[in-house]
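The values are calculated or read from the model by the stated rules, or taken from the named source; none is laboratory data. Worth saying up front: this structure is predicted, and the values here are computed from it rather than measured. All Cβ positions, glycine included, derive from the backbone under ideal geometry; neighbour counts span all protein chains shown. Quick note on the areas: whole protein, heavy atoms, side chains included, nothing else; ligands and nucleic acids left out. Shrake-Rupley method; radii C 1.70, N 1.55, O 1.52, S 1.80 Å.
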Amino acid sequence: MKTVLFRRLALAVFLLFGITLMTFVISHVVPGDPVATMLGERGTEAQIQEMREKLGLNRPLAVQYFSYLADLAHLDLGTSLRTRRPVLDDLARYFPATIELATAALFVALVVGIPLGVLAATHKDTWIDHAARIFSMAGVSVPVFWLALLALLILYGYWDVLPPGGRLSDFTEPPRTRTGLLLVDSLIALNFTALFDAAWHLWLPALCLGYHSTATLARMVRAQMLEVLGQEYVRLARASGLPTRLILYKYALKNALIPVLTTIGLSYGSLLSGAVLTETIFSWPGLGKYAVGSTLNLDFPALMGVTLLIALVYSLVNLFVDLAYALVDPRVRVS
Amino acid sequence: MCRAALSLTLLAVLVVFAAGCQRRGPSPNVEGAARDVLVVASGIDAISLDPAVAYEFSSTALCMSFYDTLIRYENSDYTKPLPSLAARWKVSRDGLVYTFYLRPGLRFASGRPLDAAAVRDSLVRTLRMNMAPAELLADNIAPERIRVVDPSTLEIRLAHPSAYFLSTLFNPAAGVVDSKEALAHEVEGDMGSGWLREHSAGSGPFTLKSWERDIAVVMERNENYWGTPPRLRRVIVKDVKESTTQKMMIERGDVDVAYDMNPLQIEDAVARSGRVRALEVPFLRLYYLGMNVKFGPLSDVRVRQAIRAAIRYDDLLAMGSGRQLRLRGPIIKGLVGFDPRLPGDYDPDRARALLATAGYKDGFDVELAVSGGPTVFGPTREDICAKLQSDLAAVGIRVRIKTMSSTAYLELYRGKKTQLNMGDWGADYPDPHNFAHPFGHSKGSLTQRVQYANLRLDPLIDKAGRELSPARRAKLYAVIQRHLMMGGPWATLLQPTRLLPVRVEVQGFRYDAQDPMDYRTVYKEPQ
């Protein structure tokens with residue numbers, strides 16, 4: 001187990017190194033000059049040159065890259081060209097909002113997706129199965145920005161049951177920042193007004209963001225459940241007269257969920273990194289919004305920071321999934 | 001045990017979420033709880049709120065609330081500078097020496113006195129930092145030419161007479177910063193710029209309470225303000241980039257003003273909600289078609305004239321809100337020199353004849369570069385380009401539209417590599433020089449990008465910039481614009497008019513195109 005862990009962590013280091021190289025090269029060869037963007041349409045050539053020199057952007061690309069790596073070794077991700085703050089500070093400020101949103105979206109996906117998959121499998125080829133299929137197909141094919149705008153129009157514009165965006169209402173006193181996760185900070189501060197307000201703001205973006213994962217999970221669980229339910233040990237359990245609930249949830253679902261774990265892990269990784277559109281539409285101050293702002297301004301250090309963080313998250317989530325396999329499946333542990 | 005704990009946690013989470021999901025009732029913003037709080041929705045593109053650095057739309061607009069200038073203009077009337085920090089001023093006969101007499105008892109929000117030395121230090125700070133805004137001042141002012149006569153008198157000596165000097169002072173670049181406060185937060189010789197990025201140290205009607213990027217800027221009334229105190233206690237500028245969201249928010253009353261809705265959305269909001277009205281306000285901006293004179297056919301003046309004659313300007317004016325103004329030169333309405341009588345009508349027969357004379361009877365292929373995105377008057381830039389493409393096709397010019405990101409477009413344009421390009425230009429300071437120079441002078445920022453130089457125009461533009469008599473200036477600008485519209489590299493398309501949606505409760509909004517977030521006189525009155 002320890003060897004596996006060590007090997008995976010060593011691989012992650014190589015992966016991150018490769019990602020820094022790729023991101024660095026790509027972000028520096030795309031057309032556009034970050035300094036010209038920073039100084040705007042009116043910035044003079046002299047000002048552009050001066051700023052480029054000040055930021056070290058006139059050095060050869062290789063020198064810039066190795067200088068970046070040297071700083072990275074000291075956990076210095078550089079200074080954002082847009083916010084002019086250390087990228088690490090920016091990530092620490094933006095990432096908790098994304099973690100909160102992605103976790104809520106995953107929660108929605110688990111709470112809705114797994115039961116829906118089980119229901120569809122146990123009621124195969126009935127109207128329940130068909131309805132679940134339509135729901136899932138829509139989930140994987142509807143673009144998230146369209147869904148978000150539509151949900152906003154209906155739930156905020158017409159029915160007025162959910163807010164239009166942001167993390168808190170303008171007139172709610174926010175709790176003191178401890179973790180950056182508003183729900184947690186509100187609970188720590190016992191600020192229930194902020195807690196309910198934060199939850200209220202979280203609902204809509206979480207539903208929209210989580211819909212795709214819900215649909216994927218439902219389909220995956222259905223397929224796995226159907227496979228498991230057709231196996232001999234389930235038939236034996238049925239023949240032995242065990243209650244259906246016990247067969248479904250104790251014997252079938254547990255086994256069906258093992259491959260689903262990978263999907264859950266990947267979903268969480270993609271939710272953490274792919275909330276760009278959702279965050280823009282719901283004015284959610286998370287990593288996605290930071291990434292968009294950085295991209296539009298060709299903010300190289302910030303882009304590198306975001307990419308590295310996402311890569312790290314993916315690596316860690318995958319590692320946890322592999323470890324979770326070992327926990328839930330004794331055969332993996334043995335091998 | 002484990003299962004019970006899991007179930008309880010799940011239940012608790014569901015309860016928290018369900019408790020949040022309930023019908024809201026009227027917005028607290030409309031309910032009276034927030035009568036002295038104005039909530040505004042705007043896509044905030046600001047990088048820094050240090051006035052020596054601020055150059056984007058939202059940062060300059062916000063800075064005007066935190067920092068006062070020596071003079072100001074009101075109600076978009078740019079012919080008459082009004083007192084602000086300076087109670088009065090005197091100009092020497094030769095137009096070279098400006099003496100400003102400050103109001104007595106001025107103080108920064110911090111309580112520190114604001115005297116002539118503070119104004120000098122602030123101007124010098126902007127000039128020494130030499131960021132983009134410094135350019136606006138550096139044309140007229142040098143640090144060594146600013147002199148403190150006494151604590152309430154400041155003298156600025158210009159290198160040459162300047163008709164636009166006073167108007168350059170109505171810009172955050174000339175906003176007076178409490179330099180002592182800024183320097184107290186200096187890090188590695190940054191003159192306090194790092195701290196001022198997210199703090200304010202001015203004397204304006206509001207102070208910056210907080211700026212959480214991508215969330216909101218919160219400003220609070222400056223209790224030490226020298227003028228009539230604002231009636232609003234607090235202004236919250238929410239960073240909402242989606243115009244659809246802004247529309248829903250203003251309809252429901254969650255915001256009082258929305259800055260980024262397009263005219264069609266505004267008209268719909270006004271019609272549907274009954275609680276939103278649209279202010280029709282001027283906009284010191286123009287949209288233009290640029291022609292790079294070093295690109296084959298465009299080097300021929302007859303081809304450039306043909307392109308100007310081939311555009312159906314009336315169709316462009318009817319796009320979007322339909323409130324655009326026709327421009328026959330780069331100087332826009334509201335400024336000295338705007339002249340609606342200049343030639344430049346749509347005349348396709350003349351365009352074809354000019355092309356034939358120039359040897360392009362069968363037309364030619366050309367690329368039109370544009371940075372994609374919406375315009376302030378409704379249609380996207382791509383829509384306008386498509387219209388231009390169709391107009392030019394009618395006389396045989398085959399246009400290929402090249403849409404790109406703003407950064408890529410700027411790089412191409414700066415690199416003088418465009419053939420045709422569509423862009424827009426807004427005033428940094430409300431004076432015709434800010435249009436005549438970039439569009440006409442051989443050292444102008446835009447003329448250089450399209451590689452146009454008419455050395456006969458340079459002295460005229462310089463002279464107009466130094467001419468203190470408005471009547472004589474207007475005559476000079478008429479000549480300059482005639483030259484530009486005959487042989488120049490531009491087709492000036494239109495000047496937009498801005499529609500600004502505000503809730504009916506919002507009163508006393510004296511909108512100014514150069515200070516669009518001037519909330520000094522705003523208050524909310526239930527209707």
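As a calculated quantity, the FRET efficiency between A:Ala239 and A:Trp127 at R0 = 25 Å, using C-beta atoms, amounts to about 0.30. With a 1.4 Å probe rolled over the protein heavy atoms of all chains, the accessible area of B:Met249, A:Met137, B:Met191 falls in the order A:Met137, B:Met191, B:Met249, largest first. Comparing Cα centroids, region A:41-89 and region B:308-369 end up 43 angstrom apart.
Using C-alpha pairs under 8 Å with a sequence gap of at least 6, the mean separation divided by the residue count of region A:91-332 gives a relative contact order of 29 percent. When the solvent-accessible area of region B:285-495 is split by element, carbon and sulfur atoms take up 51 percent of it, the probe being 1.4 Å. For a straight C-alpha distance cut-off of 23 angstrom, the lysines reachable from B:Lys238 (same-chain residues fewer than eight places away being disregarded) are A:Lys289, B:Lys209, B:Lys247, B:Lys524. A Stokes-Einstein calculation at 20 °C with viscosity 1.002 mPa s, built on the Kirkwood radius of the protein assembly as shown over Cα pairs, returns a diffusion coefficient of 71 µm²/s. Computed from the C-beta positions of B:Arg341 and A:Val184, the FRET efficiency with R₀ = 51 Å rounds to 0.15.
Rolling a 1.4 angstrom probe over region A:91-332 with all protein chains present gives an accessible area of which 71% lies on carbon and sulfur atoms. For region A:116-156, heavy-atom accessible area (probe 1.4 Å) falls by no less than 50 Å² from the chain alone to the full protein assembly at A:Tyr156.
The Rg/Rh ratio of chain B, with Rg taken over Cα atoms and Rh as the Kirkwood radius over Cα pairs, comes to 1.02. Place a label point 7 angstrom from the Cα of B:Lys333 along the Cα-to-Cβ direction, then list the residues of region B:267-283 whose backbone nitrogen is under 14 Å away. Only B:280-283 pass the distance filter. Summing both sides, the accessible surface hidden between A and B at a 1.4 Å probe radius is close to 4900 Å².
Contact-buried residues of region B:414-447, at a threshold of 30 Å² lost accessible area versus the chain by itself: B:Arg414, B:Trp425 (1.4 Å probe; DNA, RNA and ligands ignored). When only alpha carbons of region A:93-175 are considered, Rg and Dmax amount to 16.6, 51 Å. Summary value for region B:67-178: 35 percent relative contact order, contacts being C-alpha pairs under 8 angstrom separated by 6+ residues.
With respect to chain A, whose longest principal axis is taken over its alpha-carbon atoms, helix A:300-328 is tilted by about 20°. The sum of -39500 (n - 2.57) across all DSSP H runs of n ≥ 4, divided by the residue count of chain B, sets its helix-only mean residue ellipticity at 222 nm to -9500 deg cm²/dmol. Using a simple spin-label model with pseudo-atoms 7 Å out from Cα toward Cβ, B:Ser110 and A:Arg176 lie 2.7 nm apart.
In region B:114-132, burial by the other protein chains removes 40 Å² or more of accessible area from B:Asn130, B:Met131, B:Ala132, compared with the chain on its own (1.4 Å probe, ligands and nucleic acids ignored). If one computes P(r) from the Cα atoms of region B:285-495, what percent of pairs lie at distances over 31 Å? When every Cα pair of region B:285-495 is considered, 13 percent fall beyond 31 Å.
Derived value for region B:468-527: Kirkwood hydrodynamic radius 15.6 Å. Basis is the mean of 1/r over every pair of different alpha-carbon atoms. With the simple model of a label 7 Å out from the Cα in the direction of the Cβ, B:Leu468 to A:Leu69 spans 6.5 nm. Taking only protein heavy atoms and a 1.4 Å probe, the accessible area of region B:67-178 is 47% carbon and sulfur. The residues of the protein assembly as shown have, on average, 42 Å² of accessible surface per residue, using a 1.4 Å probe with all protein chains present.
Note on B:Asp362 and A:Leu150: the model spin-label points, each 7 Å out from Cα along the C-beta direction, lie 5.1 nm apart. When all protein chains stay in place and ligands, DNA and RNA are ignored, the 1.4 Å accessible-area order of A:Thr83, B:Thr380, largest first, is B:Thr380, A:Thr83.
Shape descriptor for chain A: Rg over Rh equals 1.04 (Cα atoms; Rh from the Kirkwood inverse mean 1/r). Measuring nothing but how far apart in sequence close Cα pairs (under 8 Å, 6+ apart) lie, relative to its length, chain B scores a relative contact order of 19 percent. For region B:276-311, the residues whose amide N sits under 13 Å from a probe point set 7 Å from the Cα of B:Ala353 along the beta carbon direction are B:306.
With the convex hull drawn around the C-alpha atoms of region B:67-178, the volume per residue stands at 101 Å³. Taking a quarter of the surface of the Cα convex hull of region A:2-73 gives a mean projected area of 5.9 nm². Calculated FRET efficiency, A:Ser141 to A:Val161, Cβ-Cβ distance, R0 = 22 Å: about 0.25 to the nearest 0.05.
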